[in-house]
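K.L.:
Have a look at this one.
The values are calculated or read from the model by the stated rules, or taken from the named source; none is laboratory data. Computed from a prediction, not measured in an experiment: that's the story for all the values here. Positions of Cβ are generated from backbone atoms using ideal geometry, with glycine treated the same way; all protein chains shown enter the neighbour counts. Ligands, DNA and RNA are stripped out before the accessible areas are found, and what is left, the full protein with its side chains, is counted by its heavy atoms. Shrake-Rupley method; radii C 1.70, N 1.55, O 1.52, S 1.80 Å.
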Amino acid sequence: MAEKGASRGASRRFWSLLRKRRGTPGRYKPDEIMHQDIVPLCAADIQEQLKKRFAYLSGGRGQDGSPVITFPDYPAFSEIPDKEFQNVMTYLTSIPSLQDAGIGFILVIDRRQDKWTSVKASVLRIAASFPANLQLVLVLRPTGFFQRTLSDIAFKFNRDDFKMKVPVMMLGSVPELHGYIDKSQLTEDLGGTLDYCHSRWLCHRTAIESFALMVKQTAQMLQTFGTELAETELPNDVQSTSLVLSVHTEKKAKAKEDLQLARKEGNSILESLREPLAESTSHSVNQDQLDNQATVQRLLAQLNETEAAFDEFWAKHQQKLEQCLQLRHFEQGFREVKTTLDSMSQKIAAFTDVGNSLAHVQHLLKDLTSFEEKSSVAVDRARALSLEGQQLIENKHYAVDSIHPKCEELQHLCDHFASEITRRRALLSKSLELHSLLEMSMKWCDEGIFLLASQPVDKCQSQDGAEAALQEIEKFLETGAENKIQELNKIYKEYECILNQDLLEHVQKVFQKQESTEEMFHRRQASLKKLAAKQTRPVQPVAPRPEALTKSPSPSPGSWRSSENSSSEGSALRRGPYRRAKSEMSETRQGRSSSTGDEEENLAILRRHVMNELLDTERAYVEELLCVLEGYAAEMDNPLMAHLISTGLQNKKSILFGNMEEIYHFHNRIFLRELESCIDCPELVGRCFLERMEEFQIYEKYCQNKPRSESLWRQCSDCPFFQECQKKLDHKLSLDSYLLKPVQRITKYQLLLKEMLKYSKNCEGAEDLQEALSSILGILKAVNDSMHLIAITGYDGNLSDLGKLLMQGSFSVWTDHKKGHTKVKELARFKPMQRHLFLHEKAVLFCKKREENGEGYEKAPSYSYKQSLNMTAVGITENVKGDAKKFEIWYNAREEVYIIQAPTPEIKAAWVNEIRKVLTSQLQACREASQHRALEQSHSLPLPAPSSTSPTKGSTRNVKKLEDRKTDPLSLEGYVSSSLPKPPEKGKGWSKTSHSLEAPEEDGGWSSAEELINSSDAEEDCGVGSKKLAPGKYTVVMGDEKEGPDTLAMRSGDMVEVVEEGAEGLWYVRDLTSSKEGWVPASSLSTLLGKSSSAQCLSSSGKTHCARQLCPEPAKILSPEPV
């Protein structure tokens, strides 16, 4: 309301000033020009009537200054309409000034060429309709004798008809006229010398009146604009205020243009009026011409005064709008700064952590400094805004009452924030001082424990050795004055402001450890003092008991902290003492008969140091991840840094950093805390790894993205964004070194676990440590395998459908296909192909390795998919004669044979074992399914008595039961439940899958074995007395009478086919002549195996189990064929 009232007051002042400046005398007052209700006639309106020139205002004056209107000889005067006559008279009488018009007009009526009758009519008409005061009427009578005589007589007799308010003089000649009006005031046609041009006069009158109208319209326009400005409500926001100021400025400029045009028009008219005088200095100017010039000059003066008044008003209005815009900017900045300062104050208020270790406090101080630096921008802006407000007040801003409180509030917020930062820094400095003291005490304790552990007991047996050890201990104890906590109560009092419950407990633990260490030293001192005295016999010194260590508190979470950048150097420095201690203790144990308690104490020290290294490097790792995420990843979203980011880097944050944020949150929120909980029992740290083994799979995702990240870094490493971030973080190494940290960290865990396991062989958590180590190695292998797996190209299917990737590696491969061309087969035998094999649970893939050009990860190879073999139809031959590094993988009953040559025998053995496991698991699954179906079929049968655990008794009982059940049609099924294995279902075998009776023969093949070997090996191993189950056909060498319903009666020379191996040396066979099936002793059969190397054998506990795939007719697919 105050702003609106001030604006209206300015408007009133503008118009009062305008009225004051335009009170100029003249024929038409300014108020009449601008506010006349009755619009006067203008020359432009009656221009055609004026052009007839039946009357004109020449500008001449009578002796007393009366204006002269001349009625020249105009024959058609009587034909002029009354309206036109009245308009011309009214217009002509309105031209002279009010002062001249008040004297009265002199009419000169020239009727020298006319008749008396016309003269009479003209005079009467003029006298009757003249609109102004008349002083004198001068009539020039007709010059003809008759008409002059007639006019004299008629005028005398009709004098009463000419009675008017003014006298009417009948003049007979022009000289008589000169007696009334001077010749200089008469035009040339009346014998005068007055220069008059009617067309020029008409042009000037039209221009003057047009200019007067323009001045009037301009004044009205300024009045309307001024009213609009005065009534404009001041907006409440920056954008609207800027818009109003812009619009008003634009309108003001348009008004100024109109003023300039009007002024230009007036000056042009004035020059035109002055032109005759300029051309000839002797030219006389009549009064009307002088009046015209005065009128134009008056209008120009009025225009200038109006413009000056408007400019003064506009200046105030513009100042008002500009101050309003300044106020809105100030208010907007105040709101933004206040919000920022309030947010920062809340953050600093919530920033109550005083740290739990020296490194943690240093990190908090660093964070506080970084926070203060980032906040300084907002604080500086707040202070600058406050100064800006003070400047507005000094410039007499209209809203001082609104600005001043805001300036004071900004100053208060800045001072409060600065005091909070100072207070927070003081607390952290106190915490840093306390933690430094605690670190020194912890270090003193650890060095003391090292000293005690490294003193060789055998050397202390002598008096000299004991005295030297005693001096060493006493010298070390002297250093405690500088490094120990002296008075606990003094610590409580001095650091009361920062002692929370956790820190208090930590101080107490450190103090307890210090006391425990001192107690160990005192006990060792007592023992050494006894040894230092002269003894008749050697005395065994007592080493510190392990109870002393169990009582000592754990080191602070930040002790032994080091950065990951110097991890190798720091690790070597940290490991050095305890490795030397371990070496010396090992030498000491060889020369002394110390108790196991001493060894356990020393191992506990070593375990603690491994744990410290694990914790230190873990904390450093977490800090580095946070540093990268805040210093690089977050800055990519900072609008202030957007101009530094190259086009190729935009929207590529997920590619560059992968899932680093997920890794950071896992370690910071979960894993680091769990590791810290094991600080008192380092040997149990394996459980932390085992419980979080699933979460460690996130590293596989990070490593798989690493090639893309590496490629993007190489393209954009010169980007100014990275250089600016590195400069802010004060990093010596570039970002790519930190992006490698997760890869380095996951590989370091296995080293630390190996070290911990070495010192925890007989501890409670040894098994967990071993399992954790195996799991971490498994993760590393899975990560490495996955890096190769993602490089496979050309495979149409989904690799995840093939099951888990078990192994991968490069081999030389020879092929031998039955269906191939002979030349191709022969060439294939001698020319190996280089293939990279990927062994999955369900298939093995053959790929061609292609090396890529480039650097780093771009140089990683890719693999072109060539073919795959389904594991359900795969068989292997473990040994190939002539080369210990070769083995065979064959497919579909050896239709396709692949001879694989590994780089080393060890790699070959690993692959054969892994393939054996896959095939064995398939065989086991097949057997379990077959047994499950058999159990379902025999579920309704009576259960037999439990079989004996003794093989001999069981065998006797089995034979007896066979004899007892010769006539029992269900005896075989019943026997399956007790001892004899159940005969396989029709068309079933050992393969994992089952085929329908219509399955083609090509589907058959060998697969699923625990130990698959070459047939040549089987022939060598399967001698007399060691019957091993092998595929193929057998001949009966020893006849046997049928002993039961499940046994098969045979004669020597019969040919049978093996179906399944049973217990107690019984095999289930099929007679190829009668197609009967039954159990027979394995010793009564002789193999008909050929010498082909394709036989599959499964070796287990001295027996050979041959596996064949389930099919409708097993005899047709058994390999090899009978000799």
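K.L.:
Only residues in region 898-926 that are crowded, with 22+ Cβ neighbours inside 10 Å count as the first member; pair them with residues that are in a helix (DSSP H, G or I) and among the polar types (S, T, N, Q), Cβ under 7 angstrom, at least 6 apart or cross-chain, and list the lot.
P.N.:
Close Cβ pairs satisfying both conditions: Gln922/Thr872.
K.L.:
Among the residues of region 224-271, count how many are modelled with pLDDT of 85 or more, open to solvent by less than 70 Å² (accessible area, probe 1.4 Å), more than 30 Å from Trp201 (Cα to Cα) and of a type in the set (S, T, N, Q).
P.N.:
6
K.L.:
Are any residues in region 751-760 open to solvent by 30 Å² or more (accessible area, probe 1.4 Å) and either in contact (Cβ under 8 Å) with a residue 12 or more places away in the chain or on the phi > 0 side of the Ramachandran plot (or both), and if so, which ones?
P.N.:
Lys754
K.L.:
Next up: Give the residue, chosen from Ala315, Ala350, Ala309, that is modelled with pLDDT under 90, open to solvent by 60 Å² or more (accessible area, probe 1.4 Å) and of a type in the set (A, V, I, L, M, F, W, C).
P.N.:
Residue meeting the stated conditions: Ala350.
K.L.:
Sticking with this structure for a sec: Could you grab the pairs with beta carbons closer than 6 Å, sequence gap of 6+ or different chains, first residue in region 424-446 and open to solvent by less than 40 Å² (accessible area, probe 1.4 Å), second one aromatic (Phe, Trp, Tyr)?
P.N.:
Leu434/Tyr495
K.L.:
Out of everything in region 223-239 that is not acidic (Asp, Glu) and not in a helix (DSSP H, G or I), what residue ends up being nearest to Gln332 (Cα to Cα)?
P.N.:
Asn236
K.L.:
I'd like the full set of residues that are open to solvent by 40 Å² or more (accessible area, probe 1.4 Å) and either within 21 Å of the chain's Cα centre (by Cα) or among the hydrophobic types (A, V, I, L, M, F, W, C) (or both), limited to region 735-750.
P.N.:
Hits for region 735-750 are Asp736, Leu740.
K.L.:
Which pairs turn up if I take residues in region 487-510 that are closer than 11 Å to His435 by Cα and look for partners that are hydroxyl-bearing (Ser, Thr, Tyr) and assigned to a loop (DSSP other than H, G, I, E, B) with beta carbon separation below 8 Å, at least 6 apart in sequence or on another chain?
P.N.:
His506/Ser556; Val510/Ser556
K.L.:
Separate question: Exactly one of these conditions fails for Ser711: (1) within 31 Å of the chain's Cα centre (by Cα); (2) over 25 Å from Ser862 (Cα atoms); (3) not basic (Lys, Arg). Give me its number.
P.N.:
With (1) within 31 Å of the chain's Cα centre (by Cα); (2) over 25 Å from Ser862 (Cα atoms); (3) not basic (Lys, Arg) applied to Ser711, the lone miss is (2).
K.L.:
Exactly one of these conditions fails for Cys497: (1) at pLDDT below 85; (2) under 50 Å from the mean Cα position of the chain (by Cα). Give me its number.
P.N.:
(1)
K.L.:
Criterion first (within 22 Å of Gln323 (Cα to Cα) and among the aliphatic types (A, V, I, L, M)) does Ala399 satisfy it?
P.N.:
Judged against the criteria, Ala399 is a match.
K.L.:
Among the residues that make up region 361-372, is at least one of them over 27 Å from Ala634 (Cα atoms), touching a helix residue (DSSP H, G or I) at 6+ places or on another chain (Cβ under 8 Å) and open to solvent by 30 Å² or more (accessible area, probe 1.4 Å)?
P.N.:
no
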